[in-house]
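Visitor: One structure, pasted below without further comment.
The values are calculated or read from the model by the stated rules, or taken from the named source; none is laboratory data. Everything numeric in this text was worked out from a predicted model, so none of it was measured. Heads up, the Cβs are rebuilt from the backbone with ideal geometry, glycines too, and the neighbour counts pull from every protein chain shown.
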Ligand code: FAD
Ligand code: DHB
C-alpha cells in the first residue's frame, strides 16, 4: 500500500493531522494499534487552550465542542484554608474550554470515517524506515508495508517512532508523586477549576459536564489503586479542599479511576529525514497545567501547515523549521508544567524551609498582578507562531 503521509498513532495528534491534511487534498493513512472503542474511552485530559479550540473550530470539527464545551474565564488556587481566584480572561483577554479528550477523539474518528479517511484500527507499527520511507505494521496476524512520502510519528510516549530517530538527545525529570484521577457521576461542586495545595498533598477539582466531576489527588508513584476504595478517595479530597468557611464537596458514584505517573521528557530534534515526531511521541509534561494535549494539537497544526506548503509549492523550508518551531513552544510548556507542579505539590522529601518558600511563592502569585499574569498567560496558552 502507498500513501502521501503515513501517520503512526490514532490519538488526538494523529487523527487531527490526518483531518487537517485531508482538507487540503493530501492523502494519509492512520495506523492505530488499539481498537476504536479503546481510543474513544481512554480517560485523559480535559482542559483546552483557546488556540486548540480555534484549530478544531476553524477546521470544521467544533460543532459539538461549541454545544457541549464549558467556557471558563478563571481558576482558583486554594491554600491555607482559603480560595484565591485568578481571573484568566481579565488578565489575558483569552478563555479556556473544558471538553474531554475522549470527545475530541470521537469527533475526529467520526469525521475521518465520514470523509472516507483511512483509519486502520488494530494495526500496530513495528518498524519505521525514515529514509525509504515506509512503515511496517501487523494487522490480522499478517505483516504489511505502507510506503509514503513522509511519516508522522504520533504514537505517544511508548511508541516505535521516537527510537527511529538516531542520535536523539533526551532531557527528563521524574517526580516523587503521581496522580490518582477519578471520574464521578456527581454535579461539580465548583463552577471553575480548583487547584489545591495542602500539606496532605495536591488536589484538583475539574469537571466534564454539569453532571460529571473529574477529580485528582496527589499520591505516591508506587501507590496501589486497590488501597483507594471510594470512601477513602472522598475523605481525602474533602480534607484537601477544606476551607475555613466550610466549603462542601459533593460525593457520588465513581465510574473510572487510574493512577498516572508524572514525568517531564523532551527528545530533540523532532525530525529525522522523512520522519516527524509530534505530541507525546516527542515530549511529556506532568499534567499540572494541562499542557499535554494542547502541545500535541499545536505540533500537528505546525506539521500540517509545513506539509501543505511542501505539496503546494515544493518547498521544504517549513518542514526544515518544524522541529525548532515546536521546541520553542514545547520548552515553554515544559517550564510552566514543572513550575505549576513544584508550586502546588507537597514534596515528601521537602523540609520546613522548602515548604515555607513554596507558601511564600503561592502568596506572591495570588497577590501580585505581575505574578498572576505570568500564570494566566501560560495557562491560557501562547499564540501559535512558526
Ligand atoms: P496518545 O494520546 O498517547 O496517542 C498515541 C496513539 O498511538 C495511541 O492511541 C496508541 O494506542 C497509539 N500507538 C502506540 N504505539 C503504536 C504503534 N506501535 N502502532 C500504532 N499505534 C500506536 N494531559 C493533560 O493535559 N491533562 C491530563 O489530565 C492528562 N492525563 C493523562 C493521563 C494519562 C494516563 C496519560 C497517558 C496522559 C495524560 N495526559 C494529560 C496527556 C495527554 O492525554 C496527552 O498529551 C495526549 O494524549 C497526547 O496525544 P498524542 O496523540 O500525542 O498521544
Ligand atoms: C484537567 C487536567 C489537568 O491536568 C488540568 O491541569 C486541568 C484539568 C482535566 O482533566 O479536566
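Visitor: Please determine whether any residue of the range 103-120 is within 24 Å of the chain's Cα centre (by Cα), more than 16 Å from ligand 2 (Cβ to nearest atom), farther than 24 Å from residue 294 by Cα and not assigned by TED's automatic domain parsing to the domain that holds residue 211.
Guide: Within the range 103-120, one or more residues are within 24 Å of the chain's Cα centre (by Cα), more than 16 Å from ligand 2 (Cβ to nearest atom), farther than 24 Å from residue 294 by Cα and not assigned by TED's automatic domain parsing to the domain that holds residue 211.
To keep it simple, each residue is scored yes or no on (1) on the phi > 0 side of the Ramachandran plot; (2) surrounded by 14 or more Cβ atoms within 10 Å (Cβ to Cβ); (3) within 16 Å of ligand 2 (Cβ to nearest atom).
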site: 165; (1), (2), (3): no, yes, no
site: 190; (1), (2), (3): no, yes, yes
site: 212; (1), (2), (3): no, yes, yes
site: 225; (1), (2), (3): no, no, no
site: 252; (1), (2), (3): no, yes, no
site: 269; (1), (2), (3): no, yes, no
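Visitor: So residue 305 clears everything in (1) surrounded by fewer than 21 Cβ atoms within 10 Å (Cβ to Cβ); (2) within 15 Å of ligand 1 (Cβ to nearest atom) except one condition, right? Which one?
Guide: (2)
Visitor: Another question, if that's okay. What single numbered condition from (1) within 16 Å of ligand 1 (Cβ to nearest atom); (2) in contact with a strand residue (DSSP E or B) (Cβ under 8 Å, 6 or more places away or on another chain) fails to hold for residue 85?
Guide: (1) is the only condition that residue 85 fails.
Visitor: Which is in contact (Cβ under 8 Å) with a residue 12 or more places away in the chain and under 18 Å from residue 29 (Cα atoms), of 76, 68, 103, 147?
Guide: Result of the check over 76, 68, 103, 147: 147.
Visitor: Separate question: If I filter the range 309-317 for residues that are crowded, with 21+ Cβ neighbours inside 10 Å and either within 15 Å of the chain's Cα centre (by Cα) or touching a residue at least 40 places away in the same chain (Cβ under 8 Å) (or both), do I get at least one hit?
Guide: no
Visitor: Taking the range 335-345, which residues are touching a residue at least 24 places away in the same chain (Cβ under 8 Å) and under 18 Å from residue 383 (Cβ atoms)?
Guide: Result: 336, single match.
Visitor: Now, a different point. Which residue out of 306, 376, 333 is in a helix (DSSP H, G or I) and over 22 Å from residue 97 (Cα atoms)?
Guide: 306
Visitor: How many residues, within the range 336-358, are surrounded by fewer than 13 Cβ atoms within 10 Å (Cβ to Cβ) and in contact with a strand residue (DSSP E or B) (Cβ under 8 Å, 6 or more places away or on another chain)?
Guide: Within the range 336-358, residues that are surrounded by fewer than 13 Cβ atoms within 10 Å (Cβ to Cβ) and in contact with a strand residue (DSSP E or B) (Cβ under 8 Å, 6 or more places away or on another chain) number 2.
Visitor: Residue 35 passes all but one of (1) surrounded by 17 or more Cβ atoms within 10 Å (Cβ to Cβ); (2) over 20 Å from the mean Cα position of the chain (by Cα); which number fails?
Guide: Failing condition for residue 35: (1).
Visitor: Which of (1) more than 16 Å from ligand 1 (Cβ to nearest atom); (2) under 30 Å from residue 372 (Cα atoms); (3) part of a helix (DSSP H, G or I) does residue 320 not meet, given it meets every other one?
Guide: It is condition (2) that residue 320 fails.
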